[in-house]
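Working notes, structure below.
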Amino acid sequence: MLAAIGHALMMSFTMTWEILWALILGFWLSAIIQAVVSKEEMSRLLPDGSPRTIAVACGLGAASSSCSYAAVALARSMFRKGANFTAAMAFQFASTNLVLELGILLAVLMGWQFTLAEFTGGPLMIVIMVLLFKAFLTPRIVEAARQQAEKGLQGRMEGHATMDMSIHEGTIWQRMTSDKGQTAISHFFVMDWASLWLDIGGGLLIAGALAAWVPKHFWQAFFLQGHPILAKFWGPAVGPIVAILSFVCSVGNVPLAAVLWNGGISFGGVVAFLFADLIVLPILDIYRKYYSLTVSVFLLAIFYVSMAVAALAVEFIFGALHLIPQQRRVQIMEESIHWNYTTVLNIIFLMLAVVLVIRFLRTGGPAMLRMMSNPVHHEPGHLRHTHHDHHA
């Protein structure tokens, strides 16, 4: 038993080592974007469900934190402030599926094809969701969601969703390189890590356990690897269900996706699994609090169909273009650490992380961090003022 546990922990540790530099790079780039893009006007920019507004919602989502809980909380906040419900849902889809850190991590762990699939299938999934909303979302459902949303029940990462520490003055380069900009970047960087470490850690531990303990022939049988045609349809259908039961969301589900890919799930099944971070069980419970049980069931049905159909389309499109990788032994499955480019990159980016954390600690960051889960008495404007007062 101890040997089995040790094997799983070693697998988790080596997975962590393989992806560490990519995670730091992704969160750093995300922090830069968040520091120069303001949340202030988001609600105003999403007044309806028109194609233009949906495109704006996707752009705003891609420029936001990849934390699923923060994305869902911010979408509810935007809806309460007058944003269109469909546009708010498109925003949260983009925030968890079209962000830089996810694309970088997929490219490093699984290959550029998966990054391309994510950024191709993500917009397609949003389009399908919008069309399904047009067909089935009634004013009565929207009103029920609004009445429940106005109760203001809290989920997770409410403070992270309401904080706006972005810099407004100067060009984008001036915002990035200014003293205030550097401080804002350090704060976003640390707070994104604080909001996601449980999901990332949980995903790595579960992935390590599955890789170490579940025999490959089980996965091959479960994913119908012996029936290639059926597997193409089964993967996108079952991928979201596996995600729902895994409890892990955001970038934390990428190591699990790698395990499933090694085990034999179809290409479209991997994509569907990655899409499904917005319907894991904790998120579904937050939808219940935010919008009511009836609306949460409605969202589950619409989101599931959107994810499965988009992933199935990606499966056939990438298959027709011969873009589906044939190799199923992704590099995080190595069971030892070597002195190679990964180690060098980890050292470099760990040094960057240390610099950011030190600046965070010296500029009032801990106080801001404590506000993340307690936003009741801290409006965004107050948070911006607090941040600007600490820019040493």
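For GLU118, the stated conditions do not hold, so it cannot be described as open to solvent by 10 Å² or more (accessible area, probe 1.4 Å), part of a helix (DSSP H, G or I), modelled with pLDDT of 90 or more and not aromatic (Phe, Trp, Tyr). Just to be sure before I move on: is PRO51 surrounded by fewer than 21 Cβ atoms within 10 Å (Cβ to Cβ), at pLDDT 80 or above and under 20 Å from ALA310 (Cβ atoms) in the structure I sent? It is true that PRO51 is surrounded by fewer than 21 Cβ atoms within 10 Å (Cβ to Cβ), at pLDDT 80 or above and under 20 Å from ALA310 (Cβ atoms). If you scan the range 235-272, which residues turn out to be out of contact with any Ser or Thr (no Cβ under 7 Å at 6 or more places or on another chain) and over 21 Å from ILE200 (Cα atoms)? Those that are out of contact with any Ser or Thr (no Cβ under 7 Å at 6 or more places or on another chain) and over 21 Å from ILE200 (Cα atoms): PRO236, ALA237, VAL238, GLY264, ILE265, SER266, PHE267, GLY268. The single residue among ALA4, ALA57, ALA70 that is at pLDDT 80 or above and either open to solvent by less than 40 Å² (accessible area, probe 1.4 Å) or not aromatic (Phe, Trp, Tyr) (or both) turns out to be ALA57. Based on this model, can you work out whether ARG80 counts as touching a residue at least 40 places away in the same chain (Cβ under 8 Å), crowded, with 24+ Cβ neighbours inside 10 Å and of a type in the set (Lys, Arg)? So ARG80 does not fit the description; no.
Return yes when ALA87 is small (Gly, Ala, Ser) and open to solvent by 50 Å² or more (accessible area, probe 1.4 Å) and no when it is not. So ALA87 fails the test. Among the residues of the range 98-113, the ones that are open to solvent by 20 Å² or more (accessible area, probe 1.4 Å), closer than 16 Å to SER68 by Cβ and of a type outside the set (A, V, I, L, M) come to 0 in all.
Every residue, every condition in (1) in contact with a helix residue (DSSP H, G or I) (Cβ under 6 Å, 6 or more places away or on another chain); (2) modelled with pLDDT under 80; (3) of a type in the set (Lys, Arg); (4) exposed (fewer than 14 other Cβ atoms within 10 Å of the Cβ), yes or no:
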site	(1), (2), (3), (4)
ILE317	no, no, no, no
ALA320	no, no, no, yes
GLN326	no, no, no, yes
TRP339	no, yes, no, yes
LEU345	yes, no, no, no
ILE348	no, no, no, yes
ALA353	yes, no, no, no
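Somewhere in the range 37-48, is a residue open to solvent by 40 Å² or more (accessible area, probe 1.4 Å) and among the basic types (Lys, Arg)? Yes, the range 37-48 contains at least one residue that is open to solvent by 40 Å² or more (accessible area, probe 1.4 Å) and among the basic types (Lys, Arg).
The values are calculated or read from the model by the stated rules, or taken from the named source; none is laboratory data. Note that the coordinates shown come from a computational prediction; the quantities given were computed from them, not determined experimentally. FYI the Cβ positions are ideal-geometry reconstructions off the backbone, even for glycines, and counts take in every protein chain you see. Areas reflect the complete protein model, heavy atoms only, side chains present, ligands, DNA and RNA absent. Shrake-Rupley method; radii C 1.70, N 1.55, O 1.52, S 1.80 Å.
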